[in-house]
1. In contact (Cβ under 8 Å) with a residue 12 or more places away in the chain and surrounded by fewer than 18 Cβ atoms within 10 Å (Cβ to Cβ), is that true of GLY88?
2. What number of residues within segment 29-58 are of a type outside the set (D, E, K, R), exposed (fewer than 15 other Cβ atoms within 10 Å of the Cβ) and touching a strand residue (DSSP E or B) at 6+ places or on another chain (Cβ under 7 Å)?
3. Evaluate segment 64-76: report whether one residue or more is modelled with pLDDT under 95, open to solvent by less than 40 Å² (accessible area, probe 1.4 Å) and not in a loop (DSSP other than H, G, I, E, B).
4. Being closer than 21 Å to PHE6 by Cα and open to solvent by less than 20 Å² (accessible area, probe 1.4 Å): is that true of LEU26 here?
5. For residues in segment 77-95 being assigned to a loop (DSSP other than H, G, I, E, B) and over 24 Å from LYS42 (Cβ atoms), which is nearest to the chain's Cα centre (by Cα)?
Amino acid sequence: ATLAAFNANRKFVCEIDGVSILLVRLASGIIAVVNACTHLGKSLDGGRVIAGQIHCPFHGACFDLATGAAISGPAVTPLRHFPIKVEGNDIFIQL
């Protein structure tokens, strides 16, 4: 991915080896998580990002993007994080 790929909402989705990855640009940097709510596997990219948290657009589960922790149900399992490295305009994601 590249930094230029982010839209006005600061979110970008890419697929690597069949895994949908959600990248979110926060004030603290870029976070990469699996693009699937741990409740029912629905995609999170349509969810709102507020104060470093993403809210599932389907059932309202909320996750802390910095840690992946499930903050409110119905999800209880944390999101899977992926290490990233930014070099210039390029973003490298390690699965």
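1. no
2. Selection size over segment 29-58: 0.
3. Checked segment 64-76: no residue is modelled with pLDDT under 95, open to solvent by less than 40 Å² (accessible area, probe 1.4 Å) and not in a loop (DSSP other than H, G, I, E, B).
4. It is false that LEU26 is closer than 21 Å to PHE6 by Cα and open to solvent by less than 20 Å² (accessible area, probe 1.4 Å).
5. The qualifying residue nearest to the chain's Cα centre (by Cα) is PRO83.
The values are calculated or read from the model by the stated rules, or taken from the named source; none is laboratory data. Note that the coordinates shown come from a computational prediction; the quantities given were computed from them, not determined experimentally. Cβ sites come from the backbone with ideal geometry, for glycine too, and all protein chains shown count toward neighbours. Quick note on the areas: whole protein, heavy atoms, side chains included, nothing else; ligands and nucleic acids left out. Shrake-Rupley method; radii C 1.70, N 1.55, O 1.52, S 1.80 Å.
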